[in-house]
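Report on one structure; see the data block that follows.
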Ligand code: ASP
């Protein structure tokens, strides 16, 4: 059994964090593949090395010396090395890097050095083999992952080693050139490594004890979610919860590998487990709520026409929405009317042209616009077999004097989305959390 453990930037920010990582890795001999981000912030005043490396590259491009920034980066690594009693030749490596830099040094190569050097040091500290991501994470020329080649390379390397440390965030193109992923991409690297070795679990070690049931900026001290399905996670993420990047979930989801979000600073906390299927032991009587998320600023467009031909009118409306690049969040259909919810900011002033076009094409009796709508998603897999959930949600909001302007339920019944006034957004999240999280 192999566990893949990915450690985020704050988990490898300095020597004392490295010590925590080592204790975690050594406490379970199955943790044989480690993926590391670049050293992150040690405190709120500090800088992420990746940000400094981007800055360095900007200096290079404009022909301004980046010596000072490079020296600061080198010192971060040298300090970790010395405090942990390692031998890695940080000075020699940086002298070579500095000598190789020109205006034409590709930005991807330079910023990938954050993960590269962090992982070099971590490999020595853990006494694991360092496996350069350029030699095991492969992109095709179109920028997509070459999964077959990647899985093959990581799978082969793990067979021949007691343990591996792989830098996150980058890989290589068929030309051999280094390419970085989007920011936060080490999560994707970890998922690729987990899929490659058919890991028993993909552990994502960070500085929080899992995904929270609601936004802590709105709800005071929300509880962490213990278990969540990939489907529920997607609903929450789509509705604005800041969780893992979709791309970082796909490789493990496809292989049915559970993802466990853990806290490096509180390693005994169980964190959040994300799986394809809920735990079979799970009882139906538990609370139905998994999490709440939401976003402000939507508009409802309601079109009315007596005796309308619903399918033709909807088709024409959707075509216009596509033409005007308006998002379609929800559709509700009545006998003589239908309504679409769209993101206001994405549409902007094109709304007025869209309405004019709708009038022309559909000849409706009436088109109404209501803006300043917030959508709040109540997500929970257990809602599917529980009668009366939406009634309870309405009741709770009604008791708090919050009127519901629209409602939608996902077809698989794992989420109910209510539309409330923008002004009531935070209150609605709190009411629902207080009512159903306990
Ligand atoms: N170091 C990269 C970033 O700051 C990638 C990562 O941390 O996942 O975005």
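The values are calculated or read from the model by the stated rules, or taken from the named source; none is laboratory data. Nothing here was measured: the structure is a model prediction, and the numbers come from that model. As a convention, Cβ positions derive from the backbone with ideal geometry for all residues, glycine included, and neighbour counts pool all protein chains shown.
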Q.
Anything in region 29-60 that is part of a helix (DSSP H, G or I) and more than 10 Å from the ligand (Cβ to nearest atom)? List them, or say none.
A. 52, 55, 56, 57, 58, 59, 60
Q: Would you check which residues across region 174-185 are in contact with a strand residue (DSSP E or B) (Cβ under 6 Å, 6 or more places away or on another chain) and more than 14 Å from residue 136 (Cβ to Cβ) and list them?
A: 180
Q: Hey, could you check region 102-114 for residues that are within 15 Å of the ligand (Cβ to nearest atom) and closer than 16 Å to residue 70 by Cβ and say which is surrounded by the fewest Cβ atoms within 10 Å (Cβ to Cβ)?
A: 107
Q: Within region 115-135, count every residue that is surrounded by 20 or more Cβ atoms within 10 Å (Cβ to Cβ) and part of a loop (DSSP other than H, G, I, E, B).
A: 2
Q.
Which residue is farthest from the ligand (Cβ to nearest atom), if the candidates are limited to region 140-161 and must be within 21 Å of the chain's Cα centre (by Cα) and not in a loop (DSSP other than H, G, I, E, B)?
A. 147
Q. For region 340-365, how many residues meet the condition of being over 33 Å from the mean Cα position of the chain (by Cα) and surrounded by 12 or more Cβ atoms within 10 Å (Cβ to Cβ)?
A. 9
Q: Any residue in region 176-188 that's closer than 12 Å to residue 134 by Cα: show its pairings with residues that are part of a loop (DSSP other than H, G, I, E, B) and more than 8 Å from the ligand (Cβ to nearest atom) at Cβ separation under 6 Å, as long as the two are six or more apart or on different chains.
A: 179/173
Q. Based on what the data block shows, is residue 2 without any contact (Cβ under 8 Å) to a residue 24 or more places away in the chain, surrounded by 15 or more Cβ atoms within 10 Å (Cβ to Cβ) and in contact with a helix residue (DSSP H, G or I) (Cβ under 8 Å, 6 or more places away or on another chain)?
A. no
Q. Which numbered condition trips up residue 44, out of (1) more than 26 Å from residue 206 (Cβ to Cβ); (2) modelled with pLDDT under 95?
A. (1)
Q: Looking only at region 252-276, count how many residues are farther than 8 Å from residue 210 by Cβ and in contact with a strand residue (DSSP E or B) (Cβ under 7 Å, 6 or more places away or on another chain).
A: 10
Q: Would you tally the residues in region 206-223 being within 26 Å of residue 28 (Cα to Cα) and not in a strand (DSSP E or B)?
A: 5
Q | Single residue of 24, 73 found to be part of a helix (DSSP H, G or I), more than 13 Å from the ligand (Cβ to nearest atom) and buried (at least 19 other Cβ atoms within 10 Å of the Cβ) | A | 24
(Q) Looking only at region 216-235, count every residue that is touching a residue at least 60 places away in the same chain (Cβ under 8 Å) and over 21 Å from residue 265 (Cα atoms) and tell me the total. (A) 7
Q | Output for region 162-184, where each listed residue is at pLDDT 95 or above, part of a loop (DSSP other than H, G, I, E, B) and under 23 Å from the mean Cα position of the chain (by Cα) | A | 168, 169, 181
Q.
Regarding region 190-205, can at least one residue be identified that is within 13 Å of the ligand (Cβ to nearest atom) and either surrounded by fewer than 24 Cβ atoms within 10 Å (Cβ to Cβ) or not in a helix (DSSP H, G or I) (or both)?
A. yes
(Q) Anything in region 289-337 that is in contact with a strand residue (DSSP E or B) (Cβ under 8 Å, 6 or more places away or on another chain), without any contact (Cβ under 8 Å) to a residue 40 or more places away in the chain and in a helix (DSSP H, G or I)? List them, or say none. (A) 310, 314, 321
Q) If you go through region 89-114 one residue at a time, how many are within 33 Å of the chain's Cα centre (by Cα), closer than 29 Å to residue 19 by Cα and part of a loop (DSSP other than H, G, I, E, B)? A) 0
Q: Collect the residues in region 366-406 that are over 19 Å from residue 435 (Cβ atoms) and within 29 Å of the chain's Cα centre (by Cα), keeping them in residue-number order.
A: 371, 372, 373, 384, 385, 406
Q: For region 1-18, enumerate the residues that are within 16 Å of the ligand (Cβ to nearest atom), more than 17 Å from the chain's Cα centre (by Cα) and part of a loop (DSSP other than H, G, I, E, B).
A: 13, 14
(Q) Which residue is farthest from the chain's Cα centre (by Cα), if the candidates are limited to region 224-242 and must be surrounded by fewer than 22 Cβ atoms within 10 Å (Cβ to Cβ) and either assigned to a loop (DSSP other than H, G, I, E, B) or on the phi > 0 side of the Ramachandran plot (or both)? (A) 226
